[in-house]
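Have a look at the structure below, then the notes.
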Amino acid sequence: MLKVPQLDQVTYEQIKQRAVSRIPALTAEWTDFNSHDPGITVLELYAWLTDMLDYYMDATGDAHVEKYLKLLGIRPKTARPASGYVVLEGAGDGVIPGGTVLLAGDIPFETKGEYRVETNRFCAFLREEDGELSDLTAFAGVDGDYAEMFRAGTWRSQAAYFGFAKPLQQGDALYLCVEQNEKRNLFSEPICLAELKWQIFTENEWTDIEVEDDTCGFLRSGFVRPALAGDMQPLRPGPDLPEAYYIRAVLKENTYDCSPRLGRVFVNPLPVEQRRTICREGERLEGLRIGVTDGCAGQELLFDYPDAWKFSLLICGVDGETAVYRYREDLEEAGYEEQVFTYDRSRQMIRFGDGIHGAVPRQKQEIYVTGLVTSLCGAGNIQAGELRTFENEESFPYRIHNPLAIENGRSRESLRKMLGRLEQELFTQRRLAAERDYEEIIGRTPGLMLEKVHVIPGRVYGELHRQEAGANEVVVVVKPWSEEKCPELSPIYQKMLEAYLEPFRLINTKVRIVPPRYVGVEVYGRIALKRDTPTVRRAVWECLQQEIGGKGKNFGAVISYGRLYTALENLEGVEGVRELNLERTGAAADKNNRGDLLLHEDALAYLKETAFEFC
């Protein structure tokens, strides 16, 4: 990394002494170097000027740093309020106007728009496998639990049934809480690991419908918005199963990498945002009058309203004409006629344009703040269950609560975080060049769960498999994360990996994604125990697991006979290893004369079988 130069590195005295020390080399007639000498006085003046110029050139403030970051494409993330959803309970339909205030203690929230209350609730969840239905309602969201929707890795016909107390209406939105797998990489673009067919039960039996699925096939929590085709009819799927109005998702192609699990389901939850509206845009309140325009470029005014998040300015002339000036983050991006202003939250100062960037208001006009909305932003996030009351409880006969945390509120990004983001951007690898680049980029493929990645030169891989491979070919062996011992790399995983890698690939490099080969290791022997207890036997088993396929065992590892022998000997409760033998299954490993197993470059080992005699 380049070293940042320091311009202000010499003091005034040092500058003066350097200049004075050069006088004898330039002239022999100048012999008086005291301060009363006019020449020394002039030197002192220039030394002072040089020192001041160095200081100002080196004095880079936060505003300068933000400008430099902007040139590099790093802009501050703006403040935003926390947002989430509220569920209503109670009898009777009605209308809740937009902007209705709800309270979580002293923290205000507002509804985002007009909301029509049509109370419907999720009341049943069933899973179908090969025509047999199981009632899992007691597990879906009860006490924070989740119900398994489909079984991964099986080709049996499966479907998930969602039952509701009333028929769904056109435009209804269902919010599904799906358990988030921590192993899955975060993703923003839609992905799909399975093919689903949605149906509703009508007078014509099961009818196919289209849905807008934000959950990406139950990979994350989100909305499912069905486009209904007909009126729903009640159904009792079996004698011991609940009657309800059902919508179901039929699994047409099971390519899930793990079983999706369903929690709670909400019908048309009420969207809310942490804010309080003080006045609408265009309203003029005397208490929000902040001054009079002076007609000068870049006029500044103090505005110290607590927690101000969003507002505009209403400029009122003596002739009754009004103009609305709107907020702009950076005035330098504004044209000379645009009626805009900016607001420095650290100084609580409003600043108008200078006639080049932003219009200058005419003088002697009154300035009012209008459209003022306050928010705690980053300090307004709350946990589930904290939002419980309407501010005006008498007007709304409903009980409310937020079943999920209301979050994602943030304050304006600080300069320190912007610099951290710049450093992260600079060091984020965007090209597949070295082995580490492949491992890092493939490991973060959105939406996938990956455990291990290994890069092999094409020629090495070709020699292992007796194939021809060019010098520009790179083979990447990918092991997906799974609870199975030997997970396979599915075609959909392979397709998604290839699509994600393409923008990072060097133009003259051919990249091939392949699954790992697995070597089953069989261990036989006799072990003398000091005491034969389940704890000691379990320790022997865990030792074998770790030494053969445990954490840290990578592709092409050596399963050392001597190391395994020593590890078993050193276990507490083991008196000695009397006999030990290692065997392997498959052609992806060799055995040397010392009894070690040498895995090939694209192979991983797992403990397949053990047969021990304990004595």
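The values are calculated or read from the model by the stated rules, or taken from the named source; none is laboratory data. Just so we're clear, the structure is a prediction, and the values are computed from it rather than from any experiment. FYI the Cβ positions are ideal-geometry reconstructions off the backbone, even for glycines, and counts take in every protein chain you see. Only protein heavy atoms, including side chains, enter the accessible area calculation; ligands, DNA and RNA are left aside. Shrake-Rupley method; radii C 1.70, N 1.55, O 1.52, S 1.80 Å.
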Exercise for review: Specify which residue in the list 222, 373, 204 is farthest towards the positive end of the charge dipole of the chain, using unit charges on the beta carbon of Lys, Arg (+1) and Asp, Glu (-1), about the Cα centre.
Suggested key: 222
**Study point:** Positive-pole candidate from 144, 574, 486, dipole of the chain, charges at beta carbon
**Key:** 574
Review point. For the chain, what is the relative contact order in percent, using Cα pairs closer than 8 Å and at least 6 residues apart in sequence?
Key: 13
Review point. So, in the range 470-577, how many Lys pairs have Cα atoms under 24 Å apart, if the pair is 8 or more places apart or on different chains?
Key: 8
Check your understanding: Charges only on Cβ, +1 for Lys and Arg, -1 for Asp and Glu: so what's the dipole of the range 508-615 about the Cα centre, in debye to the nearest 20?
Key -> 320
Exercise for review: Once you have the Cα-Cα distance between residue 65 and residue 417, take 0.36 nm times their residue separation minus that, and quote the gain in nm to one decimal.
Suggested key: 125.5 nm
Point to revise | In Hz, Karplus ³J(HN,Hα) per residue of the range 215-230 (6.51, -1.76, 1.60; θ = phi - 60°; x = Gly, Pro) | key: 7, 6, x, 6, 8, 7, 6, x, 8, 10, 10, x, 9, 5, 10, x
Practice item. With a ≥ b ≥ c taken as the square roots of the eigenvalues of the C-alpha gyration tensor of the range 341-460, please select rounded if a/c is under 1.5 and otherwise prolate if a/b is larger than b/c or oblate if it is not? Key: oblate
Review point. Using just the C-alpha positions of the chain as equal point scatterers, what log10 of I(q)/I(0) does the Debye formula give at each q in 0.05, 0.08, 0.09, 0.11 1/Å?
Key: -0.43, -0.92, -1.05, -1.22
Revision key, fill the gap. The answer for the chain, accessible area per residue at 1.4 Å probe in Å², is 55
Review point. In the chain, what percent of the accessible surface is made up of carbon and sulfur (1.4 Å probe, ligands and nucleic acids excluded)?
Key: 48
Revision key, fill the gap. Summing -39500 (n - 2.57) over every DSSP H run of at least 4 residues in the chain and dividing by its residue count gives a helix-only mean residue ellipticity at 222 nm, to the nearest 500 deg cm²/dmol, of -5500 deg cm²/dmol
Practice item. Provide the FRET efficiency to the nearest 0.05 for the residue 533-residue 189 pair, computing r from the beta carbons and using R0 = 56 Å. Key: 0.55
Exercise for review: Keeping all protein chains in position, work out how much accessible area residue 349 exposes to a 1.4 Å probe, and write it in Å² to the nearest 10.
Suggested key: 40
Point to revise | Accessible area, probe 1.4 Å, largest first, for residues 85, 55, 245 | key: 55, 85, 245
Exercise for review: Could you tell me which chymotrypsin sites (Phe, Trp or Tyr not before Pro) in the range 111-194 are loop residues by DSSP with no more than 12 other beta carbons within 10 angstrom of their beta carbon?
Suggested key: 155
Point to revise | DSSP-loop GluC sites (Glu not before Pro) across the range 481-535, with at most 16 other Cβ within 10 angstrom | key: 483, 484, 488
